[in-house]
Structure formats: C-alpha cells, structure tokens
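Asker: This structure is in structure tokens; I'll ask about it shortly.
Computed from the coordinates by the stated procedures, all read-outs in this text should not be read as laboratory data. As the structure is a prediction and not an experimental result, all values here were calculated from the model. When we count neighbours, we look across all protein chains shown, and the Cβ atoms used for this are built from the backbone with ideal geometry, even at glycine.
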C-alpha cells in the first residue's frame, strides 16, 4: 500500500508539488468539491485560470433547495443569503406577460423552492447570480485547511498510472512557467472545454439546439417602477417583436435578459431595441455585457478513468430552463467529495469510487431530460395574434395562451420532485432494506425536531445511524461495533417515537450526503456485511448471500 501523502500543514503552499486531490477548475462546482474534501481533512488543491470572479455575466441565478441544504451543512447558507442582492422575501413569483408594461397572461407563485412546504426541506431556495456564490465559496475555502486555490494557472496536461496522477499546469496563456503536480486523484471541473476530459478520452454525447439566444446584462434604474405586474423573479415576455425572459439581478436597476431566437450579430445591433420592446417602453438601458449562446443537451460517455473524475459542466450540459445546471454540478461535487475522502481516510472500500458514475449519471440524465422538456415551450412558442388587442378579442386570445402556459410551464417552476426526490436506489452501495419501501437510496425525508432545528443539523460528518424506537440498544450496538471494526466513522442518534412513523423503520443508516444507505426494524443478521456494502468494500447481493467482505479495510 502506498504511503499517505503529507497534509497541507506539512509543507509550503507557495510552490506545491503534490496533493491528495487536485481539482481542475475553480468555479462553483470545483470549489464545492474542494470544500467537501477539505472539511473532511483532505489535502486539496484547486487550479483556476481566473484570478478574480467576473461580474459581467450572472450565469446561473437559481440556487435550489438541495444546494442550499448543502450550504447549510457547510455552515454558510446564511452567509449566502446576506449577500444575495434579491432576498427571498422580495418575490416568489414568475410572470408571463405581453411586455413589462403590457397585459399579464399568467402568474406562477411559490416558485423554485422560494416558499416553505412544511417539513419537506430545511432551506428555501435562493435567487442569486452565480458570481455571488462563487465569491463566497472562494472565501470559505481560504478559511479552511488543508486546501488552497491557485488562481492564474491552468491545467494543460494529465497522465496517470496505478500509483498516481501527474498534472501539468502553466500560466494563464497555457505555455509559460510549466509545473507538474502529483495527486492521488484528479477531479475535472474545468467546464465545456475541459482539458481533463480530453486527457482521459471522454467525449460529450448528445445534441445542440438549432436556435441561438442572446443574453444581456443591463442597467435600467427606473425599470421596476415601469413594470405593470409587480414583483417577480422572472418575467417571460410573449410578443412577436422581442420574445424574451428577464429578471432583476439586484433591486437598484441591474437586470438580466435572454432574447430568444436572436443570433449574436442581430443581438449586438438591436440590443437596446430588444430591451425597449420587451419592456414596452423606452428605458434608456445601459448594456453592461452580452452573452450569445446556444443550448446544449449533452453528457459524457464516461465520468471516470481510473484516478480521474469529471463533474459539473465538464461532465454534462443542459439548457438553463428550470435552473438545474449548476445545482446538478454541486450534487456531483458532494457525491464524489465524501467518497474520495472516505477512500483517502482508509474506511472507503475498493468499490466506493465506482459508485460515483452509477449514482450520478441517472440524475444527470434526468435533469437534462427535464430541461429539454422545459425548452419545448418558450416565449417564441406562445406568441399568438391579438394578445394586446382590446375587448373580447384580446381577452379570448389571452385566455387561450394562459391555458397553454398553465399546462406546459408549471413543471419548470415547481420542480421539487426533481430537486429532492431523485435517488440512488440502484446504486451498488445501497443495501437492500427491510424497512419502508422506496426509502433506501433516497435523500432522507426532512424533519424539524425543534424550532429552527433540523434533523439534518444533527447528522454526523460520516455515517449516522438513526434509532427511532425503544429497545434497540443491542441492535444499534451490533451495527456500531461492525462499523468500528471496519474503521467506518458512525454516529448513533436516538430520536423520539414520532419519527418512526415518518420513516417507516426503526433503524435508518444515513450517508454523509444525507441519502439513506439502509433501513430496517432490527440489525441485519450480518452487520459487518451491511457496513462493508455501504462503504464500498463489497458489491451487490452481498447481504442476501451472507458473503463476507473481500476488502478487509
């Protein structure tokens, strides 16, 4: 067995030559992976070409409920909310209209997880431009050790063998000041033009949309006062001259807008005209940035090659409709992060890292399919004659379009089943369970256990065994002893009786990512077999066959 690499505290970070995990790309996904690792004591190095986070393009604007739950677990959810320029309380609506000064066609309320739903989740979603999250994650990583962000450098090459990976880095232009860093593992979070993906021979599979779109950020301080429809986080404009969607980045006049079916040249030529037409009145907008783009619906043919993994946009691309892209990448980072840490700390088994692709690919595929479904009906597809006409003719036209909006767009803004209920039930490290059908593999259903006190806040950093009934001390002790013998960290948490009815089992084993690994009404016949399966030291059918672990770690 190769010796463990020294931790960050044992050497200078000014010129690092080795690390346990090297992450290519310091966007939100790469930073999230680093935070997940570093909070578990793993030596981690992030290589990022950009020295500073640009505010020119907000990119993702929806930080969903599940991502906010992870930020809560990291202790930074409130920090993000304090920085978000549009508070959750300001609006929870999406409006469809003929223009911002024209007729309202339909309004969805309680959208994007911005409204509480009882016990279903412990954190509301948050509207915030991507750069706000990214700057916060940079600060958090700087506060932690052992981990570092090296900005102003990029990954330019990669080799690996059965002992280590060797990553070549260089200055911003990719040629000067070449340096090689060795790592136990590499995570490619370096986006659509990923050097890491190319180095392992992985390739996108899928399609590109045929129609272009033209993104803009602009300043128009009087626009909120002009808007006839009140507050909304998004306004979908349905008219022939400027079908678009737009929304406030802050409350002092900065807006984002996507002009649909508009190519770069036309967008740059007509930018202010498109804004005025979408608003329905001249607003004297100042264009701050433009961002032409075409939707892509693609996923890589493989997420892993031995010591190298792909996450985020380097692994999958989907249309932005529904706001799932960045959030799916954060899910990748969390799933891979705890598993890499478990392996490097010695309690993760030889099959644990194999489960990354088995668990994340179905989620990535489902998210792409949902985004494609959302893209089938856009403002361009809702345009109809007489939408701004007076009298009965206009009312009839608007009612017809409103009916289409209700039928086709609700799922885009009320997608909590997709956000919270996609599970890993077919994962090779999810144990067959005797408890409530459908719980194993899925996110532990949330439960408030006191004022402002979430059950999620009580879970351990590694595995947690929930004991939900009296008289199970011996069963819990048998599982805890098996975990201790295997070196797997385990917290045992006793909960009062009412939780039993919510979870349908007396014992629930919860993973570091808050997904259920196993549940039952008593300890299995072979607790060590259970422990070895959920930590990846054995694979499928292990419990039913009664076989013992092939990996003694």
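Asker: If neighbour count is taken as other Cβ atoms inside 10 Å, put 535, 51 in order from fewest to most. Write out the running numbers ahead of the final one.
Answerer: Details: 535 29, 51 9.
Ordered from fewest to most neighbouring Cβ atoms within 10 Å, 535, 51 come out as 51, 535.
Asker: Over the alpha-carbon set of the stretch 423-545, work out the extent along each principal axis and list the three values in angstrom, largest first.
Answerer: Sorted from largest, the Cα extents of the stretch 423-545 read 42, 30, 24 Å.
Asker: Can you divide the C-alpha Rg of the stretch 71-223 by 2.2 N^0.38 Å and report the result to two decimal places?
Answerer: Working: Rg = 21.7 Å, N = 153, 2.2 N^0.38 = 14.9 Å.
Relative to the rule-of-thumb radius for its length, the stretch 71-223 sits at 1.46.
Asker: By count of other Cβ within 10 Å, fewest leading, how are 133, 178 ordered?
Answerer: Numbers: 133 27, 178 12.
Result, fewest neighbours first: 178, 133.
Asker: Of all beta bridges DSSP finds with both residues in the chain, what is the antiparallel percent, to the nearest 5? Numbers along the way, then the final one.
Answerer: Values: 60 of 87 bridges.
Taking every DSSP beta bridge with both residues in the chain, the antiparallel ones total about 70 percent.
Asker: May I ask you to sort 388, 526, 43 by Cβ crowding, counting other Cβ atoms within 10 Å and putting the fewest first? Don't skip to the answer; put the middle values down first.
Answerer: Numbers: 388 14, 526 18, 43 27.
Result, fewest neighbours first: 388, 526, 43.
Asker: Does a label point 7 Å from the Cα of residue 399, set along Cα-to-beta-carbon, have any residues of the stretch 85-108 with amide nitrogen under 19 Å, and which are they?
Answerer: Under cut-off, by backbone N: 97-98, 103-107.
Asker: Same structure again: What FRET efficiency, computed as 1/(1 + (r/R0)^6) with R0 = 56 Å and r the Cβ-Cβ distance, is obtained for residue 491 and residue 273, rounded to the nearest 0.05?
Answerer: Details: r = 60 Å, r/R0 = 1.07.
After rounding to 0.05, the efficiency reads 0.40.
Asker: Quick check on the stretch 423-545: of the DSSP beta bridges with both residues there, what percent are antiparallel, nearest 5%?
Answerer: Details: 11 of 16 bridges.
Beta bridges within the stretch 423-545, antiparallel portion: roughly 70 percent.
Asker: Also: For the chain, what is the mean residue ellipticity at 222 nm derived from helices alone (per DSSP H run of n ≥ 4: -39500 (n - 2.57); sum divided by total residues; nearest 500 deg cm²/dmol)?
Answerer: Values: 16 runs with 172 residues, N = 553.
The helix-only estimate for the chain comes to -9500 deg cm²/dmol at 222 nm.
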